[in-house]
Amino acid sequence: MTAKLINGKEIAQQIREEIRAEVARLQREKSLTPGLVTIIVGEDPASQSYVRGKQKAANDLGFYSVQENLPTNISEKELLALVDKYNKDKKIHGILVQLPLPKHLNEDKVIFAVSPDKDVDAFHPVNVGRLVTGNPLFLPCTPAAIQQLLLRSGVKIEGAEVVVVGRSNIVGKPIANILLQKAAGANATVTICHTRTKDISRHTKRAEILIVAAGKPKTITADMVKPGAVVIDVGINEIGKTTEGKRILVGDVDFAPVSEVAGAITPVPGGVGPMTITMLMLNTLRAAKKVKSLKGKVKNCSKS
């Protein structure tokens, strides 16, 4: 393998140490502890795993954390009432409702119910609009993770040709908006490719930074990558299990062959994934500081 490996675990740990130090300072000097509530409906194993990871991170960083495990048959009225309760709770600065929700619940209605000031996932239309207009309160967690991976790996974003494969509201659209802003850590020229793009490889082969969030293994093969490009693989796809029953995960990029062409690449697992939860913690910290109108920032984590 010739490509440099961008280690998401190591970078996430760096940021968490910065967050931990800032939380300790806030507790010591301002008697303020960031508070996060995670709300999960039902027993979906993947969602349960994600939420456990978020709660573990919050506790480890010294946050005040609350976990709400709700039955699958909860009514929409009851769920909205719970969200409203935490909107009004001064000890809670961040509210995360784990998606997807059961089909009888309107996800948009639930997302809209979360106060934009506590919307640490940055899914509320107010926060989406603030991002698009270049004045974000919070950055969506996975796109923010991508930006930090690039910045902390010394990748020059300004003026770079960036190609994003995938146009989801969670990754593709927001990372494109983040990187094209006239701001530090951005100022790139961004192209978005999707399922109706004609000849995707024509675009990907000119990318200096290639971000892939397509949701399909081997979407990007070695012949589609510009030599020396930085490749960020957001995909997480289960392709089987080991004899011990452990899940075998791969990204959207054909990792081994692409590693022989790219200049740097994120692994799956161990790339974007560990960073996403870390950025959720950072958003919760920011939400707490905003409430108290406190100054100060975590190193290299200012909004784009």
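Scanning the range 100-127 for residues that are closer than 19 Å to Gly42 by Cα and open to solvent by less than 80 Å² (accessible area, probe 1.4 Å) gives Leu101, Pro102, Leu105, Asn106, Glu107, Val110, Ile111. Considering the range 1-42, and only residues there that are part of a strand (DSSP E or B) and buried (at least 20 other Cβ atoms within 10 Å of the Cβ), the residue that is farthest from the chain's Cα centre (by Cα) turns out to be Val41. If you go through the range 43-53 and keep only what is open to solvent by 30 Å² or more (accessible area, probe 1.4 Å) and in contact (Cβ under 8 Å) with a residue 24 or more places away in the chain, you end up with Glu43, Asp44, Tyr50. Among residues belonging to the range 141-165 that are open to solvent by less than 10 Å² (accessible area, probe 1.4 Å) and not in a helix (DSSP H, G or I), point out the one that is farthest from Ala183 (Cα to Cα). By that ranking, first place goes to Val165.
Of the strands (runs of 3 or more DSSP E) lying entirely inside the range 193-245, the ones with 3 or more residues being open to solvent by less than 20 Å² (accessible area, probe 1.4 Å) are found at 209-212, 230-233. Cβ-Cβ contacts under 8 Å between residues 6 or more apart (or on different chains), taken from a first residue in the range 253-270 that is at positive phi to a second residue that is crowded, with 19+ Cβ neighbours inside 10 Å, are listed as Gly270/Gly8.
Among the numbered conditions (1) more than 29 Å from Gln13 (Cα to Cα); (2) open to solvent by 30 Å² or more (accessible area, probe 1.4 Å); (3) part of a helix (DSSP H, G or I), the only one that Arg130 does not meet is (1).
The values are calculated or read from the model by the stated rules, or taken from the named source; none is laboratory data. Being a predicted model, the structure only gives us computed values, none of them experimental. Methodologically, a virtual Cβ is constructed for each residue, glycine included, from the backbone with ideal geometry; neighbour enumeration extends over all protein chains shown. Surface accessibility is based on the protein's heavy atoms, side chains included, excluding ligands, DNA and RNA. Shrake-Rupley method; radii C 1.70, N 1.55, O 1.52, S 1.80 Å.
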